[in-house]
Amino acid sequence: MKFAEFYQRSIDTPEQFWRDEATLIDWNTPYTQVLDYSRPPFAKWFVGGQTNLCHNAVDRWCATQGEQAALIAISTETNTEKTYSFNELKTEVERCAAVMLALGVGRGDRVLIYMPMIAEAAFAMLACARIGAIHSVVFGGFAANSLASRIDDAKPVLIVSADAGSRNGKAIPYKHLLDEAIDLSAAKPAKVLLVDRGLAPMALVEGRDVDYATLRAAHLDASVAVTWLESNEPSYILYTSGTTGKPKGVQRDVGGYAVALASSMKYNFCGKAGETFFATSDIGWVVGHSYIVYGPLIAGMATIMYEGLPICPDAGIWWSIVEKYKVTRMFSAPTAIRVLRKQPPEFMRKYDLSSLRALYLAGEPLDETTSQWISDELGVPIIDNYWQTETGWPILSIAKGVEDKPTRLGSPGVAMYGYKVKLLNESTGEECGANEKGVVVIDGPLPPGCMQTVYGDDQRFVDTYWNTFSGQQVYSTFDWGVRDADGYYFILGRTDDVINVAGHRLGTREIEESISSHANVSEVAVVGVEDKLKGQVAIAFAIVKHPEQIATAEGRQALEREIMGVVDHQLGAVARPARVYFVPQLPKTRSGKLLRRSIQAICEGRNPGDLTAIEDPASLQQIKSALLV
Ligand code: ATP
Ligand code: MG
């Protein structure tokens, strides 16, 4: 079918459209109403229907393909590898669920999961889903204060954690961070369930801390029935990445999410039961929720959970996994691909990648250079997809499962079914025409799978996301973009990141894209910095591929001039950065997103803002040092 027709049906007759999609999952009780939008902007999907995420991800496949692989847990940190079939996964989830029930967890209770990328983390998420507890996964290794604020927000009755994560062969102890966070928080959990990997010593707090292995052993034969939940009961809380400020706690439902994932697995990711999916994200992020744990399993696929770096033991590790497990669909982020691009290409050429059909990338703008490079290396289509923690599944992409529509370099694609995407002029609120820049917004109701509200704060949901433009309330993505005459969107940066140079509005992304086409640039961040004369000027921070070139002051200046020349040539002098600084690394969130707001603050001599999500604070020091050179 033509995608345009498919899309139009989802917009013109949404209830019919989603009723058809809802047949992709099992319902214990049929819903009585597809959509209740009587209290906009709060949408309720599949009202009255009863279902369960764990049932759809695990139990229902046990009947037809119980012996097939479901969860493949690989760690190059501890050199372990284990495959769980759907039957084995069900058994482990039931054991974990029995342990949670024994610890007093009930339907609607919150369970905070602060775990490394190990199988037990997935068991815990699925166990919560099974018994109707609401999980809140917090990225493992987050500092104590970030964790404490999430504990206070969710008020969990139970925290599930482990002795340690591991990175580059070094154990990263979690337990002392957790203890500190619980000390700092006002909402103390009654119990803490700990997986002891034997990586770091743990002191157990009596009466509160319990050992998972011991309790699991007491529930080996546990059988825990699925708790059927009304479609709109909450399934989980998940925080946004914190790139633009304090993270927001996204609350998701059960039925709408299950349907959205089942349909996106079919049309976007073309997942077939029995095949293997490999998303390289972390369970602490939305990609980990939607496309490591729930999505692939709901589609009956085996899913890979990988603990380790993309370049350890060497840069071929991902591709050896693709070969060994015959991965058909892979999902990663541009930032990880840029890391690989800095490595010698031999590593990825050693493996048989013939099973691989497509690589999906999301999370940040995908520059053309990176996209072209990885596409040439792998020989498969690269499918950029644009979405947010808030939406749970792609807003923009190319749905190859509907029509083999071509992708377009630099564009994450067209509006996905269910999303009424628009571009609005920031000042007039009018809809933009082709090639006119504006804010990417979505008309309500948001389709199934998107956030229900901000956890515990309906007003914040309305105030934060729903802005009124020309009298119409719309959901704002806070991203800035442009659409060509064929409906392909190009994301130009965050609305916060728009630079205004002498009255010209430029997206940081446009300038970054241009700079990264220089052969000696492997990564770049562009920020707008206050300027007395022009209002703002663009300043660039680049990582070079061949540092020899910037070993001397002359070399640095020459490269700076070359880069400015590239921008002049491609975008015009107005976009030319006032300065190009060279740095060994760029400040990023732990999910790999550029912290432009902090770079900008440093350039303007301000406080860098909320840094709880930063990966390596040393990177900010490097920005400061670069400014002094
Ligand atoms: P916070 O909302 O806390 O500031 P965040 O927006 O980075 O953090 P996420 O939900 O993880 O949190 O990221 C969503 C954002 O990532 C999008 O709004 C967009 O800015 C960016 N993004 C995601 N995918 C793409 C893509 N394919 N192309 C361009 N930008 C993307
Ligand atoms: Mg955001």
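The values are calculated or read from the model by the stated rules, or taken from the named source; none is laboratory data. Source: prediction; values computed, not measured. Using ideal geometry, Cβ is built from the backbone for each residue, glycine included, and neighbour counts are taken over all protein chains shown. For accessibility, only protein heavy atoms count, side chains too; no ligands or nucleic acids. Shrake-Rupley method; radii C 1.70, N 1.55, O 1.52, S 1.80 Å.
Miscellaneous remarks
- Pair-distance distribution of the range 421-494: all C-alpha pairs, bin width 10 Å, starting at 0; shares per bin in whole percent are 19, 48, 28, 5, 0.
- Counting only heavy atoms of the protein chains and using a 1.4 Å probe, Ile298 has close to 0 Å² of accessible surface.
- Residue-by-residue Karplus 3J(HN,Hα) for the range 415-427, coefficients 6.51, -1.76, 1.60, Hz, glycine and proline x: 4, 7, 3, x, 9, 8, 7, 9, 10, 10, 5, 4, 8
- The value for the range 82-156 of Rg(Cα) / (2.2 N^0.38 Å) is 1.13.
- Test item: Cα-centred dipole of the range 501-628, Lys/Arg +1 and Asp/Glu -1 on Cβ, debye: 300
- Across the cross-link table entries Lys532/Lys588; Lys272/Lys405; Lys2/Lys437; Lys155/Lys191, which are compared at the Cα atoms, the separations over 22 Å belong to Lys532/Lys588; Lys2/Lys437.
- Label-to-label distance, nm, for residues given as Leu628 and Thr214 (7 Å Cα→Cβ offset): 5.2
- Rounded to two decimals, the Cα radius of gyration of the chain over 2.2 N^0.38 Å is 0.94.
- From the alpha carbon centroid of the range 584-629 to that of the range 131-156 is 25 Å.
- Ordering of 481-491, 302-312, 359-369 by burial proxy (mean other Cβ atoms within 10 Å per residue, highest first): 359-369, 302-312, 481-491
- A Cβ-based charge dipole, computed about the Cα centre of the chain with Lys and Arg at +1 and Asp and Glu at -1, lands at about 280 debye.
- Other-chain or far-sequence residues with amide H under 5 Å of Thr80's (modelled H): Ser75
- Here the range 92-113 is scanned for amide nitrogen atoms under 15 Å from the site 7 Å beyond the Cα of Ser223 along Cα-to-Cβ, giving 92, 94-95, 98.
- Accessible surface of His219, taken over heavy atoms with a 1.4 Å probe and every protein chain present, rounds to 50 Å².
- Euclidean distance between Cα centres, the range 236-253 to the range 50-128, Å: 23
- For the range 367-479: accessible area per residue (Å², 1.4 Å): 34
- Bridge type composition, the chain - antiparallel percent by DSSP, nearest 5: 60
- Summarising the amide proton neighbourhood of Lys420: residues at separation of 5 or more, or on other chains, whose placed amide H is nearer than 5 Å comprise Asp443.
- Among Glu206, Glu431, Glu15, the order of accessible area from largest down is Glu206, Glu431, Glu15, computed with a 1.4 Å probe on protein heavy atoms.
- From its DSSP helices (H runs of at least four residues, each -39,500 (n - 2.57)), the chain gives a residue-normalised ellipticity at 222 nm of -8500 deg cm²/dmol.
- Across the range 501-628, the mean sequence separation of Cα contacts (distance under 8 Å, 6 or more residues apart), normalised by length, yields a relative contact order of 23 percent.
- A viscosity of 1.002 mPa s and a temperature of 20 °C, combined with the Kirkwood radius over Cα pairs in Stokes-Einstein, give a translational diffusion coefficient for the range 501-628 of 145 µm²/s.
- When Leu177, Leu628 are compared by accessible area at a 1.4 angstrom probe, the order from most to least is Leu628, Leu177.
- The modelled label-to-label distance for the pair Lys2/Glu15, using points 7 Å beyond Cα in the direction of Cβ, is 2.8 nm.
- Accessible surface ranking that places the most exposed of Thr589, Thr29 first, with a 1.4 angstrom probe: Thr29, Thr589
- Basic side chains Lys and Arg get +1 at the Cβ, acidic Asp and Glu get -1 at the Cβ, and with that the dipole of the range 379-499 about its Cα centre reaches some 280 debye.
- Hits among aspartates and glutamates - C-alpha to C-alpha of Lys248 under 14 Å, sequence gap 8 or more where chains match: Asp152, Asp153, Glu390, Asp457, Asp458, Asp463, Asp610
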